[in-house]
Amino acid sequence: MQQSFGFPFPGAIAKFLFPRTLAITGIVEDLPQPSNRVEVDNKGKVRLTHRFHPYDVYRSRYYMGQLRRVFRHAGAIFTYSSTGERDDVRTSHQVGTTRFGRDPQTSVLDPDCRLHDQDNVFVVDGGFMPNSLGVSPALTIMANALRVSEVIKEVC
């Protein structure tokens, strides 16, 4: 038996199917929610709280259905699909964990990505971004880090 797709596959079937299989991932971004957060408890343990909003689940299922329709139209005989709606641990491209803004009551960072209450701490990861628009935020993070580095040079 070979392990694939999260369940065991007989070797002969796997040998036949895998060369004929195309895996495609569709990304639907989960929108910002105040209930989603990263916290540190009083023992120093990091805790990630993440739940998908019902609208995010709807969009993911809708997108999945559209992809299946396109694949079938293109000649796919079998399609397998799943959504990550029950997965509250495995997330990627985390953004929005340290919201930025002018008001310390509604944000952690100022517009230059400096902690409101610590003049010498700047955060230059993806935390400042409210969302990533469903694409990798790497270039935006790099551009912002370069921008913030200029601010750091001026103040230090």
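By how many nm would the segment from Leu48 to Leu31 lengthen if fully extended, with 0.36 nm per residue of separation less the alpha-carbon distance?
4.5 nm
Rounded to the nearest whole Å³, what is the per residue volume of the convex hull around the Cα atoms of region 1-90? Display every interim value, and only then the final one.
On the way: hull volume 11.0 nm³, N = 90.
Here the figure is 122 Å³ per residue.
Which FRET efficiency value, to the nearest 0.05, do you get for Arg68 and Ala138 by plugging their Cβ-Cβ distance into 1/(1 + (r/R0)^6) with R0 = 41 Å? List each step's numbers first, then the result.
Working: r = 30 Å, r/R0 = 0.72.
Calculated value: 0.90.
What is the helix-to-structure angle for 138-155, meaning the angle in degrees between its Cα long axis and the longest Cα principal axis of the chain, kept from 0 to 90 and rounded to the nearest 10?
10 degrees
Report D for the chain in µm² per second (integer): Stokes-Einstein, Kirkwood Rh on Cα pairs, 20 °C, 1.002 mPa s.
The calculation lands on 113 µm²/s.
Can you bin region 92-156 into rounded, prolate or oblate? Criterion: square roots of the alpha carbon gyration tensor eigenvalues sorted a ≥ b ≥ c, rounded for a/c under 1.5, prolate for a/b above b/c, oblate for the rest.
In terms of gyration-tensor shape, oblate.
Going by how many other beta carbons lie within 10 Å of each one, how would you line up Thr106, Thr49, fewest first?
Result, fewest neighbours first: Thr106, Thr49.
Under a 5 Å amide H to amide H cut-off, with H placed in plane at 1.01 Å, what residues pair with Phe9 once short-range neighbours are removed?
For Phe9, the qualifying residues are Gln2, Gln3, Ser4.
Quick note: the coordinates plus some simple rules give every number you see, no bench work behind them. Computed from a predicted model, the values in this text were never measured in an experiment. Methodologically, a virtual Cβ is constructed for each residue, glycine included, from the backbone with ideal geometry; neighbour enumeration extends over all protein chains shown.
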